[in-house]
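S.K.: Here it is, the structure in full.
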Amino acid sequence: MADVVTLFGTKLISNVKLSLFQIKVLRKIAICRTAALGGHEEVCDSCGTVRYSYNSCGDRHCPKCQAARQAFWIDDLVQKTLPIKHYHLVFTVPHHLNAVCLHNQSVFYNLLFASVWNTLRAFGYSHFSVETGAVAVLHTWGQNLSFHPHIHCIVPAAGYTIDGQWKEIGHSGNYLYPINQLSESFKAHFLDSLKRTLRKKEELSLFFDTVQMAYKTRWVVHCEPSLANADHVVKYLGQYTHRVAITNKRILDIADGKVTFIAKDYRDNAIKKPVTLEGVEFLRRFTLHILPSRFVKIRHYGIYNHTAKSHMGLFFVPEKKPDVDALINRQNPPETGLQRFEKLTGVNPCKCPLCKSGRMVAIRELPRIRAPDCFFPVQFPVLN
């Protein structure tokens, strides 16, 4: 991905109006794990092999910087997830609303999260009379980098009743709520809140026809049957949490001003096929999926929300309450970040790549390169 940014970044900036934050993200991707960010000189304490390790940019949109975060997130959530059945739900919005989303992404995504949880919470009370929960993750892309905002949720098949009783929910593990009713309720929640927000900002006239068209469109909510166990469902959702729009492994070739990558064709039984796009168009699509600065794309609701869990002890009768703390706070013994990373990924970054027995020891710090921006391969504006 860094090569794509290096080759086509300048042309994209000259042809497409990007925000300063989007340019900053692209610049980080271009110099990630290069001498520009500094690093360390390391030597093996066994065979004397010398290695230079450069720092990563740490940006959440960079395909090189997500593996450790994803592994840690999955491990943390496994420790806090109730050992019960869960359902996987996906809430999508029609493509007619893409223009509204791109007009103000933060507002649109916040409304999307709120509508998803308000719908799930309302159905929990109306169908089973319980306060349930959810872990929701925002995704904005399709396989070919098209703009496709949707939210993945895992919902526990249980919750608290109004009088504090623990109650299992779902219909024999086959489905959680009637999908058609869920879709219509989600559509009503979202479009109503969207219209009120646009009206408050005096922008409803700009998108009135678009919103009306969305009312006439069939909305899709997908619900998969109850998954095997808590660990399985968290690891399944973990595939979606820290994933970026495209990984480096999916990029097959960069040649003649074009980028070829692998994408699943869901219209043909999800067969993986090569897709070729002009380099600038490929990069333009990638920038569509750069989230606003500090936007929270993973959210916990209901009994999985930290605040709600603390309040449960105040509102529910202790003798009627299960030992939730024991269920959702299964802690591992203390360990360093390096030990944890090796345990979860099976990779020890300190092991010598040559002799496989020695340990790489840092002997010198390599400072960041302080040079004019023209030093960098992509002529991005200097950003602090």
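S.K.: Specify which of the listed residues (Val155, Val78) is part of a helix (DSSP H, G or I) and surrounded by 17 or more Cβ atoms within 10 Å (Cβ to Cβ).
M.R.: From the options Val155, Val78, the qualifying one is Val78.
S.K.: Which pairs have Cβ atoms under 8 Å, sit 6 or more apart or on different chains, and link a residue in the stretch 164-185 that is at positive phi and in contact (Cβ under 8 Å) with a residue 40 or more places away in the chain to one that is open to solvent by 80 Å² or more (accessible area, probe 1.4 Å) and assigned to a loop (DSSP other than H, G, I, E, B)?
M.R.: Gly170/Lys85; Gly173/Lys85
S.K.: Any idea which residue in the stretch 109-129 is least open to solvent (accessible area, probe 1.4 Å), counting only those that are polar (S, T, N, Q) and under 26 Å from Gln165 (Cα atoms)?
M.R.: Ranking the candidates gives Thr119 first.
S.K.: Here is a further query. Going through the stretch 127-158 one residue at a time, which ones are modelled with pLDDT under 90, small (Gly, Ala, Ser) and in contact with a Lys or Arg (Cβ under 6 Å, 6 or more places away or on another chain)?
M.R.: Result: Ala157, single match.
S.K.: For the stretch 90-108, state whether one or more residues are crowded, with 19+ Cβ neighbours inside 10 Å, out of contact with any strand residue (DSSP E or B) (no Cβ under 9 Å at 6 or more places or on another chain) and either at pLDDT 90 or above or of a type in the set (Phe, Trp, Tyr) (or both).
M.R.: Within the stretch 90-108 (the criterion being crowded, with 19+ Cβ neighbours inside 10 Å, out of contact with any strand residue (DSSP E or B) (no Cβ under 9 Å at 6 or more places or on another chain) and either at pLDDT 90 or above or of a type in the set (Phe, Trp, Tyr) (or both)), the answer is yes, since at least one residue qualifies.
S.K.: Find the residue count for the stretch 17-43, including only residues that are open to solvent by less than 30 Å² (accessible area, probe 1.4 Å), within 26 Å of Leu354 (Cβ to Cβ) and without any contact (Cβ under 8 Å) to a residue 60 or more places away in the chain.
M.R.: The qualifying residues number 1.
S.K.: Within the stretch 359-375, can one find any residue that is open to solvent by less than 70 Å² (accessible area, probe 1.4 Å), modelled with pLDDT under 80 and in a helix (DSSP H, G or I)?
M.R.: Among the residues of the stretch 359-375, at least one is open to solvent by less than 70 Å² (accessible area, probe 1.4 Å), modelled with pLDDT under 80 and in a helix (DSSP H, G or I), which makes the answer yes.
S.K.: Only one residue in Ala114, Ala122, Ala99, Ala134 is more than 30 Å from Lys272 (Cβ to Cβ) and assigned to a strand (DSSP E or B), so which one is that?
M.R.: Testing whether each residue is more than 30 Å from Lys272 (Cβ to Cβ) and assigned to a strand (DSSP E or B) leaves just Ala134.
S.K.: Select, from Ser14, Ser46, the only residue that is under 30 Å from Ala362 (Cβ atoms) and open to solvent by 50 Å² or more (accessible area, probe 1.4 Å).
M.R.: Ser46
S.K.: Out of curiosity, is Lys321 at pLDDT below 50, farther than 19 Å from Arg69 by Cβ and of a type in the set (Lys, Arg)?
M.R.: Criteria met by Lys321.
S.K.: Considering only residues of the stretch 156-198 that are of a type in the set (Val, Ile, Thr) and farther than 28 Å from Val100 by Cα, which is farthest from the chain's Cα centre (by Cα)?
M.R.: Among those residues, the one meeting the criterion is Ile162.
S.K.: Now a separate question. Which residue pairs have Cβ atoms under 7 Å apart, sit 6 or more places apart or on different chains, and have a first residue in the stretch 87-110 that is farther than 18 Å from Leu206 by Cβ and a second that is of a type outside the set (Phe, Trp, Tyr) and open to solvent by 40 Å² or more (accessible area, probe 1.4 Å)?
M.R.: Qualifying pairs under 7 Å: Tyr87/Glu224; His88/Glu224; Leu89/His222; Val90/His222; Thr92/Val220.
S.K.: Still on this structure, please answer the following. Scan (1) closer than 30 Å to Glu335 by Cβ; (2) modelled with pLDDT of 90 or more; (3) not hydroxyl-bearing (Ser, Thr, Tyr) for the single condition Gln79 breaks and write down its number.
M.R.: Tallying (1) closer than 30 Å to Glu335 by Cβ; (2) modelled with pLDDT of 90 or more; (3) not hydroxyl-bearing (Ser, Thr, Tyr), Gln79 fails exactly one: (2).
S.K.: A further question follows. So His150 clears everything in (1) open to solvent by 30 Å² or more (accessible area, probe 1.4 Å); (2) under 26 Å from Trp73 (Cα atoms) except one condition, right? Which one?
M.R.: Exception for His150: condition (1).
S.K.: Tally the residues that are among the hydroxyl-bearing types (Ser, Thr, Tyr), open to solvent by 40 Å² or more (accessible area, probe 1.4 Å) and free of Cβ contacts under 8 Å to residues at least 40 places away in the same chain, restricting the search to the stretch 243-261.
M.R.: 0
S.K.: Next up: Residues of the stretch 262-293 being among the aromatic types (Phe, Trp, Tyr) and open to solvent by less than 30 Å² (accessible area, probe 1.4 Å), which ones?
M.R.: Phe282, Phe286
S.K.: Further, regarding this structure: Which numbered condition in (1) open to solvent by less than 60 Å² (accessible area, probe 1.4 Å); (2) part of a helix (DSSP H, G or I); (3) under 25 Å from Ala255 (Cβ atoms) is the only one that His61 fails?
M.R.: (2)
S.K.: Please indicate, with yes or no, whether at least one residue in the stretch 136-151 is over 29 Å from Arg243 (Cα atoms) and touching a residue at least 40 places away in the same chain (Cβ under 8 Å).
M.R.: No - not one qualifying residue is present in the stretch 136-151.
S.K.: Show the residue pairs that are 6+ apart or on different chains and have beta-carbon atoms under 9 Å apart, the first residue being within the stretch 262-284 and without any contact (Cβ under 8 Å) to a residue 24 or more places away in the chain, the second being assigned to a helix (DSSP H, G or I) and among the hydroxyl-bearing types (Ser, Thr, Tyr).
M.R.: Pairs that qualify, where the first residue is without any contact (Cβ under 8 Å) to a residue 24 or more places away in the chain and the partner is assigned to a helix (DSSP H, G or I) and among the hydroxyl-bearing types (Ser, Thr, Tyr): there are none.
The values are calculated or read from the model by the stated rules, or taken from the named source; none is laboratory data. Quick caveat: nothing in here was measured; it's all calculated off a predicted structure. Because the Cβ atoms are built from the backbone with ideal geometry, glycine has one as well, and the counts that use them run over all protein chains shown. Accessible surface areas use protein heavy atoms only, side chains included; no ligands, DNA or RNA. Shrake-Rupley method; radii C 1.70, N 1.55, O 1.52, S 1.80 Å.
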